[in-house]
Amino acid sequence: MPILENLTANTSKSNLIIIVGPTAVGKTELCVKLAQTFNTEIISSDSRQFYRELSIGTAKPTIGEMAGIVHHFVDSHSINEYYSAGDFERDAIKLLENDIFKRNNIAIMTGGSGLFIKAITDGLDEMPEAPLALREELMQRLNNGELNAMVDELQELDPDYCQTADLQNSQRVVRALEVCLSSGRPFSSFHKKTNIERSFNIIKIGIERPREELYERINHRMDLMLKNGLLEEVKSLMSFRHHNALQTVGYKEVFEYLDGNYDFQTMVELLKRNSRRYAKRQMTWFKNQDAFEWFYGPDFEGIKTYILSKIR
């Protein structure tokens, strides 16, 4: 039963609660409890959960885990569509201002994709669409094993972006490089230097767990993914394997296994190791990029109390 039934009527400004944290930390469970508490909806900012064709490898919430709460931007696009952080900024702001906030003064956004979160909190300049031929050329270079050379090229074109970017994330490298080459401007120059003023209040919360606890959860999640059919899902995506969304942890390792580059046990070890490394990079990014208030993941009461103190 939602608490504070008159809360939305008594707040003078709409509020967006943003919950961030590394993979497997427990964002979905927490956000569902918060949505139930505040009788509202959830916006996913996970850049891979947008795609209908990707489920197991993205840890997409199941119908049961959603518990009847509306989740926007889950299964909202086909992997055949290109969907950028700028597209997400436009669509999510429109959804908030023209829909959710018309019915409820509180909304929840969650995900581990830092750039997509930053698009909402800070805003992005509109980025140019790269010519299809350029993107195909860069993807072919990536497939030929030229990631390191592409990183070197990006370092020359945009050293500022490279100071904070995850340069092992091939899809980020490709996107930044294609913008640099197609526009003649550094990718980082499209990131607004001053935060855009939103029409709503933003409450920023990060959740974390002790390293060993988080790593155990990551290892368990990977075991469940494999049990639930990750191999079969990846096999069904072979024709899309060069798509940016599949150049990420959870898919690259399985493609390499299916190519015969290593055995099953090595694949499992790489899935777990690379997921742990990804979680560490996520934490570094969020702790360096923005002023989030950090909580132990299961501390629901503490998080709820903090939100109530920040609602305007």
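The values are calculated or read from the model by the stated rules, or taken from the named source; none is laboratory data. Source: prediction; values computed, not measured. Heads up, the Cβs are rebuilt from the backbone with ideal geometry, glycines too, and the neighbour counts pull from every protein chain shown.
Assessment of the stretch 197-205 against the conditions (modelled with pLDDT of 85 or more, of a type in the set (A, V, I, L, M, F, W, C) and closer than 21 Å to Asp87 by Cβ) yields at least one matching residue. Taking the stretch 153-175 as the range and being under 21 Å from Phe240 (Cα atoms) and part of a helix (DSSP H, G or I) as the test, the residues that pass are Ser170, Gln171, Arg172, Val173, Val174, Arg175.
Kindly check whether there is at least one residue in the stretch 225-233 that is assigned to a helix (DSSP H, G or I), acidic (Asp, Glu), farther than 25 Å from Ala291 by Cβ and in contact (Cβ under 8 Å) with a residue 24 or more places away in the chain. Working first, answer last.
Filtering the stretch 225-233 for residues assigned to a helix (DSSP H, G or I) gives 225-227, 230-233.
Of the ones still in play, those that are also acidic (Asp, Glu) are 232-233.
Of the ones still in play, those that are also farther than 25 Å from Ala291 by Cβ are 232-233.
Those still in the list that are in contact (Cβ under 8 Å) with a residue 24 or more places away in the chain too: 233.
Among the residues of the stretch 225-233, at least one is assigned to a helix (DSSP H, G or I), acidic (Asp, Glu), farther than 25 Å from Ala291 by Cβ and in contact (Cβ under 8 Å) with a residue 24 or more places away in the chain, which makes the answer yes.
Pairs meeting the criteria (first residue in the stretch 79-98 and under 24 Å from Tyr251 (Cα atoms), second residue part of a helix (DSSP H, G or I), beta carbons under 7 Å, at least 6 apart or on different chains) are Ile79/Phe240; Ile79/Ala245; Ala85/Leu115; Ala85/Phe116; Ala85/Ala119; Phe88/Phe116; Phe88/Ala119. Might you check whether a residue that is hydrophobic (A, V, I, L, M, F, W, C) and at pLDDT 90 or above occurs anywhere in the stretch 155-167? Yes: one or more hits. Restricting Glu126, Glu53, Glu89 to those that are under 27 Å from Ser199 (Cβ atoms), of a type outside the set (A, V, I, L, M) and part of a loop (DSSP other than H, G, I, E, B) reduces the list to Glu126. Residue count for the stretch 265-296 satisfying the condition of being over 16 Å from the mean Cα position of the chain (by Cα), closer than 20 Å to Thr58 by Cα and not basic (Lys, Arg): 6.
Give the stretch 175-214 a look and list any residue that's among the acidic types (Asp, Glu) and within 30 Å of Lys13 (Cα to Cα), or say none.
Filtering the stretch 175-214 for residues among the acidic types (Asp, Glu) gives 178, 197, 208, 212-213.
Correct list: Glu197, Glu208.
Might you check whether a residue that is of a type in the set (D, E, K, R), surrounded by 18 or more Cβ atoms within 10 Å (Cβ to Cβ) and at pLDDT 85 or above occurs anywhere in the stretch 140-148? No, there is no match, as no residue in the stretch 140-148 is of a type in the set (D, E, K, R), surrounded by 18 or more Cβ atoms within 10 Å (Cβ to Cβ) and at pLDDT 85 or above. The set of residues in the stretch 149-196 that are among the hydroxyl-bearing types (Ser, Thr, Tyr) and within 16 Å of Gly86 (Cα to Cα) comprises Ser183, Ser188, Ser189.
How about the stretch 201-224: which of its residues are part of a loop (DSSP other than H, G, I, E, B) and crowded, with 18+ Cβ neighbours inside 10 Å? Before the answer, list the steps.
Taking the stretch 201-224 and keeping what is part of a loop (DSSP other than H, G, I, E, B), we get 209-210.
Scanning the stretch 201-224 gives a single hit, Arg209.
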